[in-house]
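Visitor: Just passing along the structure, written as structure tokens.
Nothing in this text is a laboratory measurement; each read-out follows from the coordinates by a stated rule. What you see is a predicted model; the values in this text were computed from it and never measured. For neighbour counting, all protein chains shown are included, and Cβ atoms are generated from backbone atoms with ideal geometry for every residue, glycine included.
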Amino acid sequence: MSTLRNFLIRKRGGSRIDITDALTYLYLAVGTLVMFGPVLWVVLSSFKTQAQLVEFPPRLLPYAQETIVVDGYDEPLPLYRVVVDGEERVLAQIRRVGIEAHMIDPENPPADPARPTDAERIRVNINDREPIERLSLALENYTEPLEKFRFATYLKNSVIVTTVATIITLVINSMAAFALSKYRFAGRDAVFVLIIATLMIPISVILVPVFLVITQLNMNNTLWGVIIPGAATPTGVFLLRQYMLTIPDELLESARIDGASEWRIYWQIVLPLARPALAVLAIFSVMWRWNDFLWPLIVLSRSELFTLQVGLNAFQGELQIQWHYVLAMTVLTLLPITAVFAFLQRFITTGIATTGLKG
Amino acid sequence: MSHTPRSAPIAKRAQLQPGDLGHLVKSVFLGAYNALMVGLELVINPLQRLVGARRMAYFFLLPNMIIFGVFVLFPMLLNFYYSGTTGTRLMPQDRTWAGLANYEHLFRCGNFSQPNTCVEDMFWRAAHNTVVFVMFQVGGMVLLALVTAVILNREIVARGFFRSVYFYPVLLSPVVVGLIWKWILQRFGLLNAVLTGLGGEPIQFLLDRDWATFWVILVSIWAQMGFYTLILLAGLQSIPAVLYEAGEIDGANVWQRFRFITLPLLMPTLFVVLVLALIRAVQVFDQVFVLTGGGPGTATKYMVQYIYETGFANQIPRRGLASAASVLLGMVLLVFTLVQLWLGRKSEAA
């Protein structure tokens with residue numbers, strides 16, 4: 001109990017390393033492994049060849065067998081370490097017959113490659129040879145799907161959806177927040193209550209009718225159909241309104257006296273001052289849109305319009321999963337978000353802690 | 001906006017500095033922004049002269065309200081009507097009004113605790129699965145998040161780093177989360193390698209009903225825990241240190257300090273976290289859809305997947321039924337939301 005209890009208080013006294021510290025760091029170390037480990041494993045796996053991926057038990061790093069080009073043979077020959085007559089030699093395999101491998105000495109190739117003599121051809125049991133390997137990244141996992149499949153298109157669609165949706169979200173939500181925080185007008189409170197009330201109504205509850213609206217507006221199977229419905233996010237209006245309330249009204253009044261129009265007050269005074277809140281909303285919008293799955297899955301049925309998430313899902317749903325491609329594309333998909341996280345993590349974490357935005 | 005100070009040394013000006021590119025990009029963006037906004041003034045300022053400055057509020061509200069009205073509010077109302085119709089056509093005017101028939105169909109059940117006895121057994125399987133998922137996922141996650149938050153709140157080395165460690169999976173897309181774990185849990189995956197390495201037998205985790213349920217819950221905790229940890233951590237940090245000092249002077253031991261200072265003061269945050277997690281868990285779909293596809297059989301099929309399949313993915317979509325199911329799901333979420341709003345009001349008043 002005494003070991004556990006220091007955990008539970010907010011601050012520990014003294015600076016001596018005691019058992020509670022040890023437990024704390026143990027927890028943190030295990031946590032780091034559990035949180036990062038799976039992602040790291042996928043990154044490592046994504047550089048392995050197809051043959052390596054089915055190897056069990058798997059090895060940590062990606063390897064490839066050393067090969068050598070020998071005169072008279074069309075293909076590069078795989079190299080093995082073999083013990084012959086108590087002497088360790090490096091040999092190249094020319095063919096395999098059952099459990100027997102036929103090897104030659106690459107240093108001393110047969111005079112006639114088509115018909116090697118018995119002295120030149122060394123017969124080895126396949127269990128007595130050991131492949132010579134080196135670290136090697138199977139970069140073709142990354143390049144091939146970009147050529148063979150539509151991943152470049154998916155990537156482009158995801159970038160378009162994320163960028164356009166974020167810009168629209170920022171513009172219309174900041175305008176609405178400006179109206180709700182800086183004007184008095186009939187129905188203002190009603191509008192605000194309405195927005196708050198729908199704060200928690202997710203798209204999964206209104207899938208069918210929104211799909212109907214989209215179809216009626218001819219936005220089915222278009223990127224606009226993905227972008228527009230989520231643009232007027234109540235969360236965004238709420239966040240920006242709360243922030244804009246802190247901008248002093250006197251500032252706006254003096255601008256009005258100087259003859260500034262309402263639109264000019266909006267873009268030249270309010271927007272620059274609301275930059276921190278706009279940045280938080282922008283980051284979240286990018287995350288939401290980049291990761292969005294259910295709604296694009298419903299709207300987009302033509303594969304040239306797929307976003308990365310929908311494309312990745314379609315790809316992994318095939319009967320024979322081509323893991324070497326799927327893993328590489330998974331890494332490509334998580335890369336941008338990881339980069340955003342690496343640069344802005346402090347910003348994001350304080351943003352969530354203060355606004356309670358859902359991630 | 002001049003970006004190069006006049007006094008800058010000539011030698012520096014001659015070469016392009018790394019910072020200059022940033023300035024260039026920034027000033028291009030700012031220039032474009034200013035030009036666009038001034039251009040818009042040509043259209044908007046006459047409007048202001050027409051309607052007056054005060055009514056401009058409606059203008060600012062308009063774009064948001066149109067999208068909100070068309071894509072959120074109207075569909076919400078339409079959903080109620082739609083759930084009362086049957087037919088195979090999409091447009092409401094082509095469908096037949098059937099009153100409460102869809103709801104009756106959903107609720108025609110011999111025994112609600114046994115999906116087999118229901119006409120729409122899939123709905124009830126999904127409902128049962130969702131209840132189990134919500135209980136274990138929310139319970140386990142909130143507990144773990146609390147423990148993690150308490151630990152992260154201690155005076156530890158590299159607190160910022162560790163805080164972001166737990167947060168990182170929150171940012172990953174559900175599809176990516178599903179794929180990562182599918183790769184680890186497969187027959188020849190990392191986990192089975194560890195298991196056989198320790199002398200055990202490999203397990204087909206995703207082909208066994210109980211294991212699949214277990215992993216779906218664990219993966220969802222893994223993916224979302226960091227978010228709630230962060231909120232709880234903010235709650236912990238807002239507790240004044242003076243209280244602990246006072247408690248110590250009064251002779252309260254460590255457990256008592258946690259029990260009588262930390263816990264009561266953290267309660268409002270804890271409740272908010274609980275409700276947020278509940279709302280999220282009830283809608284579980286995407287990472288599970290990728291990880292198990294709802295299988296094996298129907299073991300991990302949840303409510304949103306039922307709605308998606310009934311309304312969209314199945315050969316013959318039954319959209320009226322999907323609509324009715326989503327209205328019911330919406331009711332559950334509404335209750336949670338009201339609880340949250342009520343709690344929010346209470347903590348604001350306090």
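Visitor: Once you have all Cα-Cα distances for chain A, histogram them in 10 Å bins from zero and send the whole-percent values.
Guide: With 10 Å bins starting at 0, P(r) equals 4, 15, 18, 18, 16, 12, 8, 5, 3, 1, 0.
Visitor: Moving on. Once you place label points 7 Å from the Cα toward the Cβ at A:Glu318 and B:Asp210, how far apart are they in nm?
Guide: Each label point lies 7 Å from its Cα, and together they span 3.6 nm.
Visitor: Divide the volume of the convex hull of the Cα atoms of region A:49-181 by its number of residues and quote the answer in cubic angstrom per residue.
Guide: 186 Å³
Visitor: Here's a follow-up. For region A:34-103, go through all pairs of different Cα atoms, get the mean of 1/r, take its inverse, and jot down that Kirkwood value in Å. Walk me through the numbers on the way to the answer.
Guide: Working: mean 1/r = 0.0670 Å⁻¹.
Value: 14.9 Å, from the Cα pair sum.
Visitor: Which value at 222 nm does the protein assembly as shown reach when only helices count, each DSSP H run of 4 or more adding -39,500 (n - 2.57), with the total divided by all residues and rounded to the nearest 500 deg cm²/dmol?
Guide: After summing the helix terms and dividing by the residues of the protein assembly as shown, the value is -19500 deg cm²/dmol.
Visitor: Could you tell me the center-to-center distance, by alpha carbons, between region A:264-306 and region A:153-187 in angstrom?
Guide: Centre-to-centre (Cα) distance: 7 Å.
Visitor: Using the Karplus curve 6.51 cos²θ - 1.76 cosθ + 1.60 with θ = phi - 60°, work out ³J(HN,Hα) for each residue of region A:107-123 in order, rounded to whole Hz, and write x for Gly and Pro.
Guide: Computed from phi, the couplings for region A:107-123 are 6, 9, x, x, 5, 10, x, 6, 10, x, 6, 5, 6, 7, 8, 9, 9 Hz.
Visitor: Now a separate question. With Kirkwood's inverse mean 1/r over C-alpha pairs for Rh, give me the Rg to Rh ratio of the protein assembly as shown, two decimals please. Don't skip to the end; give the middle numbers.
Guide: Values: Rg = 30.7 Å, Rh = 29.6 Å.
Here the Rg-to-Rh quotient is 1.04.
Visitor: Over chain A, calculate the relative contact order: mean separation of alpha carbon pairs under 8 Å at least 6 apart, over the residue count, as a percent.
Guide: Value for chain A: 18 percent.
Visitor: Follow-up. Just the ratio, please: alpha-carbon radius of gyration of chain B over 2.2 N^0.38 Å, N its number of residues.
Guide: Chain B yields a ratio of 1.36.
Visitor: Kirkwood Rh and Cα-based Rg: tell me the resulting Rg over Rh for region A:142-355, rounded to two decimals.
Guide: With Rh from the inverse mean 1/r over Cα pairs, Rg/Rh is 1.04.
Visitor: So if the hydrodynamic radius of region B:244-350 is defined as the Kirkwood radius over C-alpha pairs, what does Stokes-Einstein give as its diffusion coefficient at 20 °C and 1.002 mPa s, in µm² per second?
Guide: This corresponds to a translational diffusion coefficient of 125 µm²/s.
Visitor: Would you mind checking A:Lys156/B:Lys301; A:Lys48/A:Lys148; A:Lys182/B:Lys346; A:Lys148/B:Lys26; A:Lys148/B:Lys301; A:Lys48/B:Lys301 for any pair whose Cα atoms are more than 29 angstrom apart?
Guide: From A:Lys156/B:Lys301; A:Lys48/A:Lys148; A:Lys182/B:Lys346; A:Lys148/B:Lys26; A:Lys148/B:Lys301; A:Lys48/B:Lys301, over 29 Å: A:Lys156/B:Lys301; A:Lys148/B:Lys26; A:Lys148/B:Lys301; A:Lys48/B:Lys301.
Visitor: So, one more: Using the beta-carbon distance between A:Asn127 and B:Glu201 and R0 = 35 Å, what value does 1/(1 + (r/R0)^6) give for FRET efficiency, to the nearest 0.05? Spell out each step's value before the answer.
Guide: Details: r = 25 Å, r/R0 = 0.72.
For R0 = 35 Å, the calculated efficiency reads 0.90.
Visitor: Work out Dmax and Rg for region A:63-135 from the C-alpha atoms and quote the Rg first, both in angstrom.
Guide: 11.6, 35
Visitor: Pairing the Cα long axis of helix A:188-197 with the longest principal axis of chain A, what angle in degrees results, from 0 to 90 and rounded to the nearest 10?
Guide: 30 degrees
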